[in-house]
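In what follows, a single structure is set out as structure tokens and then discussed.
FYI, it's all coordinate maths here, none of it is from the lab. Quick caveat: nothing in here was measured; it's all calculated off a predicted structure. With ideal geometry, Cβ positions are generated from the backbone for all residues, glycine too; neighbour counts draw on all protein chains shown.
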Amino acid sequence: MADDNATAGRWRDVDISQSLNIHVNTIASIRKKFVLEGVKPALTRKKRVGSPNPPKMDGRQEAHLLGSVAWTGNPSAPTPLIAICCSDPPPGRVRWTLELLAVELVSKEVVVSISRETIRNQLERLELQSWKTERFCIPERDIARFIAQMEEVLDVYSEAPEANVPLICMDEAAVELTGDLYPTIPAKPGQLRREDYHYERHGVQAIFMFVDPIKGWRRVSTRSQRTRVDWAEEVKQLLDEDYPDAPLVKLVCDNLNTHS
């Protein structure tokens, strides 16, 4: 289009712009690159070496954020020892927030200014979420009583199975029963089953489960409550109906106060 030797004559930049739906400055830039560098650079976008926007935090500043004792500049260096976001929060605070971390970094003169969104992105990239907690059972490893009882359970599991002595694992839980106030919308291609967030309560039921892991057997029953009497009746059914011919049943359960 811009060739002077073309049969139909050279197109004006305005005509090329309207025909290709590009800006006239883009046409001038491509023409200049073609004249100075050749065909390939004019048709190929130059590979970007780095980000057009410099990062808000470098390795040294991230090390401060993570509480590293020293930043070596090596990306494969060991994980920093103590993280600011995992250390004790300021007095009167339960945990570190993104705003508090921003104030802390500025007060330590790590950065001149920083937004909470930048800190959030850094923590997400470093797979740190100081505002989240995970609740689980922390074993009492240093208490001899816990170790002895755990070893007893492990000894039971490691024993060779006996045909006439079943090993039964038992547990129980309370489950809330709910119902829908409005009809659900069935699932269809491209759409999951939909249900309204409103619901109505229908009480609570106690679920008892007995499992024989060796034979692959289980029994589940429900009761309106889970008292000592309920647990005793469930165990009685296990002995009288489920395993009436067993001379001994090894029952493994937790130390709930109703299991006594």
Notebook entry, point to check: Which of rounded, prolate, oblate describes segment 89-234, given a ≥ b ≥ c as roots of the alpha-carbon gyration tensor eigenvalues and a/c under 1.5 marking rounded, otherwise prolate only if a/b is larger than b/c?
Noted result: oblate
Check: Label-point separation (nm) for GLU127 and THR258, each offset 7 Å from Cα along Cα-to-Cβ?
Finding: 4.0
Check: In nm, to one decimal, how far is the MET209 label point from the ALA174 one, both placed 7 Å along Cα→Cβ?
Finding: 1.9
Next item on the list: Kindly state, to the nearest 0.05, the FRET efficiency for PHE146 paired with ILE185, given R0 = 45 Å and r defined as their beta-carbon distance.
Entry: 0.35
Notebook entry, point to check: In nm, what is the difference between 0.36 nm times the number of residues separating ARG95 and GLN18 and their Cα-Cα distance?
Noted result: 21.9 nm
Next item on the list: Mind jotting down the distance between the C-alpha centroids of segment 155-192 and segment 199-257, whole Å?
Entry: 13
Margin query: Quick check: residue separation of VAL103 and ASP88 times 0.36 nm, minus the Cα distance between them. What number comes out in nm?
Written below: 3.9 nm
Next item on the list: Just tell me which lysines come within less than 24 Å, Cα to Cα, of LYS33; anything on the same chain fewer than 8 places away is out.
Entry: LYS46, LYS47
Margin query: For LYS250, give me every one of the lysines with a C-alpha distance below 27 angstrom, ignoring sequence neighbours fewer than eight places off in its own chain.
Written below: LYS215, LYS236
Check: Taking other Cβ within 10 Å of each residue's Cβ, how do PHE208, PHE34, PHE146, PHE136 sort, fewest first?
Finding: PHE136, PHE146, PHE34, PHE208
Check: Using the count of nearby Cβ atoms within 10 Å as a rough guide to exposure, how do LEU167, LEU181 rank from fewest to most?
Finding: LEU181, LEU167
